[in-house]
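Participant: I'd like to ask you about the structure that follows.
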Amino acid sequence: MCGRFTLHNSNKVIDKIGFDIAPNYNIVPSNLILILIPEPVLLYWGLTPEWATKPMNLINARIETLKEKPAFKNSKPCIIVSDGWFEWKKSNTVEKIPYYIHNNNKLIYFAGIYNDKGCSIVTKEANQELCNIHHRQPLILGKKARRSWINEFEIKILNQSEEFRCQRVGNHVNSPKNNSPQCIEAI
């Protein structure tokens with residue numbers, strides 16, 4: 001599951017996407033996030049189905065059941081822009097341990113879905129590198145996969161050859177109130 005992520009490299013966002021953002025080191029559900037549909041827009045993170053009478057704030061959607069779940073019916077594909085995400089590893093001796101997963105601050109593009117009320121990150125089973133931290137991860141899209149996701153709402157080429165760094169970070173990230181470089185500092 002992806003419950004927190006970052007988009008702090010505002011210079012890269014301007015260079016690659018042409019959109020000005022404030023750096024964010026601790027994006028939490030219900031925040032406005034940058035998505036591409038394909039043009040850049042800000043939308044709330046947390047999808048509510050069209051038929052729901054109360055907010056449901058669904059932040060993740062499993063790729064394996066995406067097209068079967070009534071909650072995601074009539075949702076459309078989008079791309080969620082990030083430069084890293086957090087996962088918490090379970091431990092038998094201490095509370096959950098936070099990790100920051102990134103690709104040396106390069107932009108990372110998550111598959112997403114959206115409607116007029118919000119958006120969700122599409123997840124898949126974690127790859128071998130990440131599964132010892134958490135069993136799920138965002139579905140990361142390379143350039144060709146981004147095109148097929150947006151244009152056809154499917155993944156034809158799943159290229160995850162990028163190397164991700166998993167670094168343990170402090171508990172500063174645990175509070176949604178904290179939004180500073182300290183959230184991603186390795187310990």
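The values are calculated or read from the model by the stated rules, or taken from the named source; none is laboratory data. As the structure is a prediction and not an experimental result, all values here were calculated from the model. Here the Cβ positions follow ideal geometry from the backbone for every residue, glycine too, while neighbour counts run over all protein chains shown. Surface accessibility is based on the protein's heavy atoms, side chains included, excluding ligands, DNA and RNA. Shrake-Rupley method; radii C 1.70, N 1.55, O 1.52, S 1.80 Å.
Participant: Give the residue that is most open to solvent (accessible area, probe 1.4 Å), with candidates limited to residues of segment 75-94 that are in contact with a Lys or Arg (Cβ under 9 Å, 6 or more places away or on another chain) and of a type in the set (D, E, K, R).
Facilitator: LYS90
Participant: Further question: Quick check: is even one residue across segment 2-20 within 26 Å of SER148 (Cβ to Cβ), modelled with pLDDT under 95 and touching a Phe, Trp or Tyr at 6+ places or on another chain (Cβ under 6 Å)?
Facilitator: For segment 2-20, residues within 26 Å of SER148 (Cβ to Cβ), modelled with pLDDT under 95 and touching a Phe, Trp or Tyr at 6+ places or on another chain (Cβ under 6 Å): present.
Participant: Between a first residue in segment 95-117 that is part of a strand (DSSP E or B) and a second residue that is among the acidic types (Asp, Glu), which pairs have beta carbons less than 7 Å apart while being 6 or more apart in sequence or on different chains?
Facilitator: Qualifying pairs under 7 Å: TYR99/GLU87; ILE101/GLU87; HIS102/ASP83; ILE108/ASP83; ASN115/GLU50.
Participant: Looking at this structure, is ILE33 among the β-branched types (Val, Ile, Thr) and in contact with a Cys (Cβ under 9 Å, 6 or more places away or on another chain)?
Facilitator: Answer is yes for this residue.
Participant: Here are GLU64, GLU129, GLU154: which of them is charged (D, E, K, R), without any contact (Cβ under 8 Å) to a residue 24 or more places away in the chain, open to solvent by 10 Å² or more (accessible area, probe 1.4 Å) and not in a strand (DSSP E or B)?
Facilitator: Exactly one of GLU64, GLU129, GLU154 is charged (D, E, K, R), without any contact (Cβ under 8 Å) to a residue 24 or more places away in the chain, open to solvent by 10 Å² or more (accessible area, probe 1.4 Å) and not in a strand (DSSP E or B), namely GLU154.
Participant: Pull up segment 157-168, narrow it to residues that are more than 18 Å from VAL81 (Cβ to Cβ) and not in a strand (DSSP E or B), then point me to the one that is modelled with the highest pLDDT.
Facilitator: GLU163
Participant: Could you please let me know if SER148 is farther than 25 Å from PRO29 by Cβ, of a type in the set (Gly, Ala, Ser) and at pLDDT below 90?
Facilitator: Numbers: farther than 25 Å from PRO29 by Cβ: yes; of a type in the set (Gly, Ala, Ser): yes; at pLDDT below 90: no.
No, not satisfied.
Participant: What number of residues in segment 41-61 are modelled with pLDDT of 95 or more and open to solvent by 80 Å² or more (accessible area, probe 1.4 Å)?
Facilitator: Adding up the residues that qualify gives 2.
Participant: Now for a separate question. If you take the residues in segment 24-36 that are more than 19 Å from LYS177 (Cα to Cα) and in contact (Cβ under 8 Å) with a residue 60 or more places away in the chain, which one is most open to solvent (accessible area, probe 1.4 Å)?
Facilitator: Checking each candidate, the answer is LEU36.
Participant: For segment 71-87, state whether one or more residues are closer than 17 Å to ASN115 by Cβ, out of contact with any helix residue (DSSP H, G or I) (no Cβ under 7 Å at 6 or more places or on another chain), assigned to a loop (DSSP other than H, G, I, E, B) and at pLDDT below 95.
Facilitator: The first filter runs over segment 71-87 and keeps only residues closer than 17 Å to ASN115 by Cβ, leaving 71-80.
From what's left, out of contact with any helix residue (DSSP H, G or I) (no Cβ under 7 Å at 6 or more places or on another chain): 71-76, 78, 80.
Among the residues that remain, those that are also assigned to a loop (DSSP other than H, G, I, E, B) are: 73-75.
Remaining after also requiring at pLDDT below 95: 73-74.
Yes, the conditions are met somewhere in segment 71-87.
Participant: Also: Kindly provide the set of residues from segment 162-181 that are free of Cβ contacts under 8 Å to residues at least 60 places away in the same chain and either surrounded by 17 or more Cβ atoms within 10 Å (Cβ to Cβ) or in contact with a helix residue (DSSP H, G or I) (Cβ under 6 Å, 6 or more places away or on another chain) (or both), ordered by number.
Facilitator: Answer for segment 162-181, where residues must be free of Cβ contacts under 8 Å to residues at least 60 places away in the same chain and either surrounded by 17 or more Cβ atoms within 10 Å (Cβ to Cβ) or in contact with a helix residue (DSSP H, G or I) (Cβ under 6 Å, 6 or more places away or on another chain) (or both): just HIS172.
Participant: Need the failing condition index for ILE21 against (1) β-branched (Val, Ile, Thr); (2) within 28 Å of ILE187 (Cβ to Cβ); (3) surrounded by 21 or more Cβ atoms within 10 Å (Cβ to Cβ), just the number.
Facilitator: Just one mismatch for ILE21, condition (3).
Participant: As an exercise: evaluate ASN104 against (1) under 28 Å from GLN167 (Cα atoms); (2) surrounded by 15 or more Cβ atoms within 10 Å (Cβ to Cβ) and give the number of the one condition it does not meet.
Facilitator: (2)
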